[in-house]
Amino acid sequence: MPLDESYVGRAYPPTEPYEVGREKIREFAEAIGETNGVYTDPTAARALGHPDVIAPPTFVFSISYRAAHQVIHDPQLGLDYNRVVHGDQAFSYVRPVRAGDCLSVTSTIESVRTMAGNDILVVRGDVHDKSGELVVTARTMLVARGADGK
Amino acid sequence: MTAKISYDEVEVGTELPGQSFPVTRETLVRYAGASGDFNPIHWNEKFAKEVGLPDVIAHGMFTMASAIRVVTDWVGDPAAVAEYGVRFTKPVVVPNDDKGALIEVSAKVGAKLDDEARTVRVDLTAVSNDQKVLGRSRAVVRLA
């Protein structure tokens, strides 16, 4: 059954803050083979004008996608998670995520449509720091493949 | 933000230094742990084949993370990236051998967007096993 388009605009409560740690950033940077000191060395980060080490651009996805689970598993929306694939991903940055940030995500259903039997859902995650300032907006397009065929 | 590339020294068509990123099963296990994405299609061959994939595939977000390194290495300060988006078009298939897969990324300046904000659009191409694995892969970058 196609997703109900009346859910466009539905917003979910902000998530519990995620505290960004230096060592988690280091682990992520190493996992993607990064060697840029701005991710691991506070002195190198400060030399570029950052108060502490920053996170690689896609690090925040782990946080925003966890928040998007509120949408994905919303029983009223009725998305079949077993059929979901990640179609598109985009980020708009106000500033880089950095060590010491406490980040909370507000997820909103930005669009819902059905194309060729597939449900296509765009979830926007607005990521704020503890002072309430917007840090980054993540847009995740999920495609739930039609039940009959691929 | 401290970009080491000046807006004035690039033009539409300027190529960024390309890079190749090797991906093995070990890479995927590490990325799973670091990112928290433990979907078995990224480490369990039996499961991947059961759901119709040719083999274990890389996390799309790993490919996305790798591709932007061509931009961040070029510009020096990752904070110069104002926007970044991709479409996942084909999976990166990672065989269980000593070679794994290779993600080859090239990039060029696609447009100069704003003379005052000194922003450019960089268009990225990511290829693995002769197939484009990312589509509409673009970053908006603030230059010096």
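Computed with a 1.4 Å probe over protein heavy atoms only, the accessible surface of segment B:50-144 comes to 41 Å² per residue. Here chain B has 47 percent of its accessible surface on carbon and sulfur atoms, given a 1.4 Å probe and all protein chains in place. The C-alpha atoms of chain A define a longest principal axis, and helix A:22-31 lies at about 70 degrees to it. Seen against the Cα atoms of chain A and their longest principal axis, helix A:61-72 is set at about 20 degrees. Estimated from helical segments only, the mean residue ellipticity of the protein assembly as shown at 222 nm is -5500 deg cm²/dmol, where each DSSP H run of four or more residues counts as -39500 (n - 2.57).
Each chain gives up part of its surface: A and B jointly bury about 2300 Å² of accessible area, both sides summed, for a 1.4 Å probe.
Between the Cα long axis of helix B:25-35 and the first principal axis of chain B there is an angle of about 60°, rounded to the nearest 10.
With a 10 Å cut-off around each Cβ of B:74-82, the average count of Cβ atoms from other chains is 5. Computing FRET efficiency as 1/(1 + (r/R0)^6) for B:PHE38 and A:ALA116, where r is the C-beta to C-beta distance and R0 is 22 Å, gives about 0.15. Within the shell of other residues whose beta carbon sits under 10 angstrom from the beta carbon of A:VAL8, the net charge comes to -1, with Lys and Arg scored +1 and Asp and Glu -1.
Neighbouring Cβ atoms from other chains, within 10 Å of the Cβ of residues in A:19-32, number 3 on average.
So if we plug the beta-carbon distance of B:ASP97 and A:VAL85 into 1/(1 + (r/R0)^6) with R0 = 35 Å, what FRET efficiency do we get, rounded to 0.05? For R0 = 35 Å, the calculated efficiency reads 0.85. The shape of segment B:1-64 can be summarised by an equivalent ellipsoid whose semi-axes, obtained from the alpha carbon gyration tensor, come to 36, 14, 10 Å from longest to shortest.
Measuring against 20 Å, Cα to Cα, the residue pairs B:LYS4/B:LYS108; A:LYS24/B:LYS4; B:LYS4/B:LYS112 contain A:LYS24/B:LYS4 as the ones spanning a longer distance. When nucleic acids and ligands are ignored and a 1.4 Å probe is applied, B:ARG87 ends up with an accessible area of around 70 Å².
The values are calculated or read from the model by the stated rules, or taken from the named source; none is laboratory data. Please read these numbers as outputs of a predicted model, since none were measured by experiment. Reconstructed Cβ throughout: ideal geometry from the backbone, glycine too, with neighbour counts over all protein chains shown. These area figures cover heavy atoms from the full protein model, side chains too; ligands, DNA and RNA do not enter into them. Shrake-Rupley method; radii C 1.70, N 1.55, O 1.52, S 1.80 Å.
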